[in-house]
Amino acid sequence: MSDMDYYFALACDATIEGMREGTGGPFGATLVRNGEVVCAVGNTVVKETDISGHAEMVAVREGCKKLNTLDLSDCVMYATCQPCPMCVAVMMWAGIKTCYYASTKLDAADGGFSDQHLRDYLDGKDTSTFDLIHLEEGREDCAAIWPEFARLNS
């Protein structure tokens, strides 16, 4: 068995375990650092009643805690399915540069898990699904956060 096969097997095992226990959906991920498994997890949306409990998000959270860092740039993600935009964003924020995935967003959609509305919104194809409103004036309280941040970090 190749390393990649092993990493995907761990993700699949965690996924199936979570589905059988009723704690998560059909998604899993394994986070690997320098050839060592950091964690292998399944989706925890149902277990935690947390819509952000996607497998890749859970893996990043666990990886950051286990490694005591916010920088996972030396890690690689192995996901059982193509990550949604939220998961791609969190991996990028964590510095992960590579994510291998098996099933596609179309496979997920066929299983009742479509994220096309998110992709269409982010591509600018459909802005009717969410209103993102910038308040340009009257929020001096929010503007004051940035100088305070700079002061605390200088």
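Worth a mention:
- Angle in degrees between helix 3-21 and the longest Cα principal axis of the chain, rounded to the nearest 10: 80 degrees
- The stretch 23-94: GluC sites (Glu not before Pro) in DSSP coil with no more than 11 other Cβ atoms inside 10 Å: none
- Full-stretch length increase - Ala109, Glu136 - with 0.36 nm per residue and alpha-carbon distance subtracted: 5.9 nm
- As computed over the stretch 1-82, the Cα convex hull volume per residue (Å³): 84 Å³
- The stretch 68-140: trypsin sites (Lys or Arg not before Pro) in DSSP coil with no more than 16 other Cβ atoms inside 10 Å: Lys97, Lys125, Arg139
- Inter-centroid distance (Cα atoms) of the stretch 22-63 relative to the stretch 98-154, Å: 20 Å
- Between amide H atoms placed 1.01 Å from N, distances below 5 Å from Asp126 occur with Tyr121, all of them 5 or more places distant or on a separate chain.
- Taking max minus min of the alpha-carbon positions on each principal axis, the stretch 32-154 gives extents of 47, 39, 27 Å, largest first.
- Straight-distance candidates among the aspartates and glutamates for linking to Lys97, with alpha-carbon spacing under 17 Å and chain neighbours fewer than 8 residues away dropped: Glu36, Glu56, Asp71, Asp74.
- Candidates Phe113, Tyr101, Trp146 compared by Cα position along the dipole of the stretch 96-154: farthest toward the positive end lies Tyr101, with charges placed on Cβ.
- Residues whose amide H falls under 5 Å from that of Ile96, counting only those 5 or more places apart or on a different chain, are Leu72, with hydrogens built in the peptide plane.
- Derived scalar couplings ³J(HN,Hα) [the stretch 71-81; Karplus, 6.51 cos²θ - 1.76 cosθ + 1.60; whole Hz; x for Gly, Pro]: 9, 10, 5, 9, 10, 10, 9, 10, 10, 5, 9
- At full extension, Asp126 and Arg33 could sit 29.7 nm farther apart than now, given 0.36 nm per residue minus the alpha carbon distance.
- The stretch 70-118: radius of gyration over Cα atoms, expressed as a fraction of 2.2 N^0.38 Å: 1.21
- Other-chain or far-sequence residues with amide H under 5 Å of Gly25's (modelled H): Asn43, Val45, Val46
- One chain, two ends: Thr98 and Asp5. Fully extended at 0.36 nm per residue, the span grows by 31.9 nm beyond their Cα-Cα distance.
- Ordered from largest to smallest accessible area (heavy atoms of protein chains, 1.4 Å probe), the residues Phe113, Phe27 come out as Phe113, Phe27.
- Per residue, the average separation of C-alpha pairs within less than 8 Å and at least 6 apart gives the stretch 49-142 a relative contact order of 22 percent.
The values are calculated or read from the model by the stated rules, or taken from the named source; none is laboratory data. None of the values given here were measured: they were computed from a predicted structure. Reconstructed Cβ throughout: ideal geometry from the backbone, glycine too, with neighbour counts over all protein chains shown. Only protein heavy atoms, including side chains, enter the accessible area calculation; ligands, DNA and RNA are left aside. Shrake-Rupley method; radii C 1.70, N 1.55, O 1.52, S 1.80 Å.
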